[in-house]
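Undergrad: Dumping the structure here so I can ask a few things about it.
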Amino acid sequence: MYDDNNIFAKILKGDIPSHKIYEDDTTYAFLDVMPRSDGHTLVIPKADATGLLDASGQVIANCMATIQMLAPKIVDAMGADGFLIQQFNGEAAGQTVFHLHFHIVPRKLGQSLRPHAGEMADPETLASHAHIIRAAL
Ligand code: 5GP
């Protein structure tokens, strides 16, 4: 059951600030506040869905189109070498926010990831990364 009090629903409504990367009619992308690597971005649908199973195929396709467009630009902007897509379904899988989201995690050769939902990043650093990525779009 979708609960629209979740933090990403509040971000979509503009009730909570976010470091926006991109937005279109169906999707919204913003920086993860606890990034596993620099430029770690979350892509979410504007439609209500808790995870992969209660989203329509079209909603998932919209997210994938946004991921496919953004990921190479984020990689270039962050000077990374590749990217990882992560998507968690259910508490047992590590999902902590119950609005469907896809993680785009830039990867650099030889550099390990910070822990999932680990430490909060410095807001100025996030603002600077968001600015660099947006300028590359
Ligand atoms: P999940 O484990 O549900 O896939 O991941 C949720 C993600 O959302 C985590 O990576 C966490 O760092 C991130 N996150 C949690 N709260 C906030 C928030 O208020 N703003 C942003 N931008 N990210 C958040």
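Undergrad: When you scan the range 64-81, do you find a residue that is within 12 Å of the ligand (Cβ to nearest atom), of a type in the set (A, V, I, L, M, F, W, C) and assigned to a loop (DSSP other than H, G, I, E, B), even just one? Outline the logic, then answer.
TA: Filtering the range 64-81 for residues within 12 Å of the ligand (Cβ to nearest atom) gives none.
Looking through the range 64-81, none of the residues is within 12 Å of the ligand (Cβ to nearest atom), of a type in the set (A, V, I, L, M, F, W, C) and assigned to a loop (DSSP other than H, G, I, E, B).
Undergrad: Out of the residues in the range 113-137 that are of a type in the set (A, V, I, L, M, F, W, C) and not in a helix (DSSP H, G or I), which is nearest to Q68 (Cα to Cα)? Before the answer, list the steps.
TA: In the first step, residues of the range 113-137 are kept if they are of a type in the set (A, V, I, L, M, F, W, C); the result is 113, 117, 120-121, 126-127, 130, 132-133, 135-137.
Filter once more, so that each one left must be not in a helix (DSSP H, G or I): 113, 117, 120-121, 137.
Working: L113: 21, A117: 23, M120: 26, A121: 25, L137: 12 Å.
Top of the filtered list is L137.
Undergrad: Could you check P45 against (1) within 19 Å of K10 (Cα to Cα); (2) within 10 Å of the ligand (Cβ to nearest atom); (3) not aliphatic (A, V, I, L, M) and say which number it fails?
TA: (2)
Undergrad: Scan the range 19-42 residue by residue and report those that are part of a strand (DSSP E or B) and within 13 Å of the ligand (Cβ to nearest atom).
TA: Within the range 19-42, K20, I21, Y28, A29, F30, L31, T41, L42 qualify.
Undergrad: Any chance the range 113-120 includes a residue that's farther than 16 Å from I21 by Cβ, touching a strand residue (DSSP E or B) at 6+ places or on another chain (Cβ under 8 Å), aliphatic (A, V, I, L, M) and in contact (Cβ under 8 Å) with a residue 60 or more places away in the chain?
TA: Scanning the range 113-120 turns up at least one residue that is farther than 16 Å from I21 by Cβ, touching a strand residue (DSSP E or B) at 6+ places or on another chain (Cβ under 8 Å), aliphatic (A, V, I, L, M) and in contact (Cβ under 8 Å) with a residue 60 or more places away in the chain.
Undergrad: Kindly indicate which of A9, A77 is open to solvent by less than 60 Å² (accessible area, probe 1.4 Å) and farther than 26 Å from Q111 by Cα.
TA: A9
Undergrad: I'm checking my understanding of the structure. Among residues of the range 90-112 that are more than 10 Å from the ligand (Cβ to nearest atom) and outside any loop (DSSP other than H, G, I, E, B), which one is farthest from D48 (Cα to Cα)?
TA: Restricting to residues being more than 10 Å from the ligand (Cβ to nearest atom) and outside any loop (DSSP other than H, G, I, E, B), the top hit is R107.
Undergrad: Another question about this same structure. Being in contact with a strand residue (DSSP E or B) (Cβ under 9 Å, 6 or more places away or on another chain) and either open to solvent by 60 Å² or more (accessible area, probe 1.4 Å) or within 14 Å of I133 (Cβ to Cβ) (or both) is the filter here; which residues of the range 80-100 pass it?
TA: Correct list: A80, D81, F83, I85.
Undergrad: Restricting to the range 14-33, and then to whatever is loosely packed, with under 15 Cβ neighbours inside 10 Å and not acidic (D, E), can you tell me which residue is nearest to P106 (Cα to Cα)?
TA: Going residue by residue through the range 14-33, those that are loosely packed, with under 15 Cβ neighbours inside 10 Å are 14-17, 20, 23-25.
Narrowing further to those that are not acidic (D, E): 14, 16-17, 20.
Working: G14: 26, I16: 25, P17: 23, K20: 17 Å.
Checking each candidate, the answer is K20.
The values are calculated or read from the model by the stated rules, or taken from the named source; none is laboratory data. Since we're looking at a predicted model, the values are computed, not measured. Positions of Cβ are backbone-derived with ideal geometry, glycine not excepted, and every protein chain shown enters the neighbour counts. These area figures cover heavy atoms from the full protein model, side chains too; ligands, DNA and RNA do not enter into them. Shrake-Rupley method; radii C 1.70, N 1.55, O 1.52, S 1.80 Å.
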